[in-house]
Each structure stands twice: as C-alpha cells, then as structure tokens.
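**Student:** Following this message is one structure expressed as structure tokens.
The values are calculated or read from the model by the stated rules, or taken from the named source; none is laboratory data. Since the model is a prediction, treat every value here as computed from it, not as a measurement. When we count neighbours, we look across all protein chains shown, and the Cβ atoms used for this are built from the backbone with ideal geometry, even at glycine. We work out accessible area using only protein heavy atoms, side chains counted, and drop any ligands, DNA or RNA first. Shrake-Rupley method; radii C 1.70, N 1.55, O 1.52, S 1.80 Å.
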Amino acid sequence: MDDGEQSGAPLLVMGRLGSPFGVKGWLHVTAYTELPENLLSYLPWYINRQESWQKVEVISGRRHGKGLVVQLKDCPDRDAAALLTGTEVGIYRHQLPPAAADEYYWDDLVGMQVIAKDDRVLGRLDHLFETGANDVMVVKGEQEYLVPYIEGQVVQSVNLETREIRVDWDPDF
C-alpha cells in the first residue's frame with residue numbers, strides 16, 4: 001500500500017484509456033497532462049473499474065500521435081484491452097512533482113471563490129477545461145460563468161491561502 005492508499009487521499013483523474021492498439025493488449029490513452037508522455041512518469045496508475053479504483057502496472061508505454069499507447073500487466077490481448085476502453089486513469093497527488101513558484105495545478109484551484117473586479121462574488125470554480133486558445137474556468141454561483149483563464153489579463157491574482165481568484169471580468173458579459 002502506498003501513502004495515498006493509507007491516508008484515503010482522493011485520486012486525481014489524469015487520463016482515460018481508449019481503444020485497443022494492436023492485438024497484444026496495448027491501449028490508446030488520452031492524457032490530461034500538458035505533455036502526454038508525462039503521464040508515464042507518474043506510476044503506479046490506478047484505473048476506475050466498477051466504481052472502484054484498482055492499481056495497475058504499466059509494462060510499457062510511449063507517445064503515439066497526440067496521446068499515448070500503453071501495455072498493462074494482465075492485459076494480454078485485444079479482447080482484454082477492449083474491456084478497459086473508457087476507463088479513467090488516476091494517480092495520487094503526491095506522485096506529481098511540486099508546482100513551481102507562481103504555478104498551480106488545476107486541482108489546487110477547484111473550489112476557490114472567484115471574485116470580479118468590483119468585488120462581486122461570481123461563485124466557486126467548479127472545473128477548468130482547455131479550448132486550444134486558452135483554458136476556461138467554469139464558475140458556478142447564482143449562475144454559471146465561463147471565464148477565460150488568462151493570467152495578467154483576466155486572472156489578476158490567485159491566493160491559495162484565502163482560496164480566492166480575483167478576475168477582471170464583467171459578469172454581465
């Protein structure tokens with residue numbers, strides 16, 4: 001058992017297993033990391049099967065196109081791989097390298113209060129997603145706001161201690 005398992009810490013979803021790749025049990029993986037191959041550095045992986053996280057051993061993996069392909073232990077053929085298609089891949093927070101100064105993991109920001117320039121509380125950050133142009137914060141309060149995560153322009157400050165994100169954003173936009 002590792003530290004995360006012992007403490008009951010939640011797992012962070014870092015990717016999803018895709019369709020089989022070949023006939024020897026390999027799978028496509030969509031990684032939610034900036035560089036897909038970084039996910040191969042955060043071992044062991046856990047997969048969510050039937051509402052339960054199970055530890056899996058990655059035997060081999062490599063970059064393939066925009067994602068990864070991996071071979072998991074106890075996944076010997078295409079049929080076994082097909083049973084894992086769509087399964088979430090998780091890791092424990094302690095498996096990630098520490099964030100550099102003035103950098104944050106998305107998970108650090110979720111749940112923070114988002115406050116507009118006029119001190120109006122927009123709500124809490126529910127989640128973020130990528131658009132290609134910039135990341136977007138989904139803020140839920142009296143209504144849902146989609147706020148671009150553009151540091152220095154829209155995002156004025158992030159305070160991990162007070163759990164507040166200050167934004168230059170017109171809520172009526």
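**Student:** Please compute, for the alpha-carbon atoms of the chain, the extent along each of the three principal axes and give them in descending order in Å.
**Tutor:** Cα spread of the chain along its principal axes, largest to smallest: 58, 35, 30 Å.
**Student:** As a test, work out the antiparallel percent of DSSP beta bridges whose residues both lie in the chain, rounded to the nearest 5.
**Tutor:** Numbers: 46 of 51 bridges.
Roughly 90 percent of the beta bridges in the chain run antiparallel, per DSSP.
**Student:** Let me have the 222 nm mean residue ellipticity of the chain computed from DSSP H runs of 4+ only, each contributing -39500 (n - 2.57), with the sum over all residues rounded to the nearest 500.
**Tutor:** Details: 3 runs with 14 residues, N = 173.
Mean residue ellipticity, 222 nm, calculated: -1500 deg cm²/dmol.
**Student:** Where q = 0.21, 0.23 Å⁻¹, what log10 of I(q)/I(0) comes from the Debye formula for the range 67-133, counting one point per Cα?
**Tutor:** The calculated log intensity ratios at q = 0.21, 0.23 Å⁻¹ are -1.08, -1.14.
**Student:** Now for a separate question. Using only C-alpha atoms and all pairs of different ones, pull out the Kirkwood radius for the range 107-147 in Å with one decimal.
**Tutor:** Over the range 107-147, the inverse of the mean reciprocal pair distance is 10.4 Å.
**Student:** Using a simple charge model, +1 on the beta-carbon of Lys and Arg, -1 on the beta-carbon of Asp and Glu, nothing else, what dipole does the chain show about its Cα centre, in debye to the nearest 20?
**Tutor:** Details: 16 positive and 28 negative charges, 169 e Å.
The dipole magnitude comes to about 820 debye.
**Student:** Another question, if that's okay. Given the range 104-173, report the % of alpha carbon pairs whose separation exceeds 17 Å. Don't jump to the answer; show the numbers that get you there.
**Tutor:** Values: 766 of 2415 pairs.
Tail of the P(r) past 17 Å holds 32 percent of the pairs.
**Student:** Skip the ligands, DNA and RNA, and give the accessible area per residue of the range 65-121 with a 1.4 Å probe, whole Å². Could you put the intermediate results ahead of the total?
**Tutor:** Details: 3220 Å² over 57 residues.
Value for the range 65-121: 57 Å² per residue.
**Student:** Looking only at the range 111-133, which residues have a backbone nitrogen under 15 Å from a spot 7 Å from the Cα of GLU164 in the C-beta direction?
**Tutor:** Only 112-125 fall inside the zone, counting backbone N under 15 Å.
**Student:** With all protein chains present, how much of the accessible area of the range 1-151 (probe radius 1.4 Å) comes from carbon and sulfur, to the nearest whole percent? Mind showing how you got there, number by number?
**Tutor:** On the way: 4220 of 8860 Å².
About 48 percent, which is the carbon plus sulfur part of the accessible surface.
**Student:** Can you tell me how much longer the chain between LEU128 and ARG62 gets when fully stretched, taken as 0.36 nm per residue apart minus their C-alpha distance, in nm with one decimal?
**Tutor:** Details: separation 66, 0.36 × 66 = 23.76 nm, distance 2.67 nm.
Roughly 21.1 nm would be gained on extension.
**Student:** Can you pull the accessible area of THR30 for me, 1.4 Å probe, Å² to the nearest 10?
**Tutor:** Result for THR30: roughly 80 Å² accessible.
**Student:** Of all trypsin sites (Lys or Arg not before Pro) in the range 65-143, which ones are in loop regions per DSSP and have a Cβ with at most 13 other Cβ atoms within 10 Å?
**Tutor:** Values: sites: LYS66, LYS73, ARG78, ARG93, LYS117, ARG120, ARG124, LYS140; in loops: LYS66, LYS73, LYS117, ARG120.
Those satisfying the criteria are LYS66, LYS73, LYS117, ARG120.
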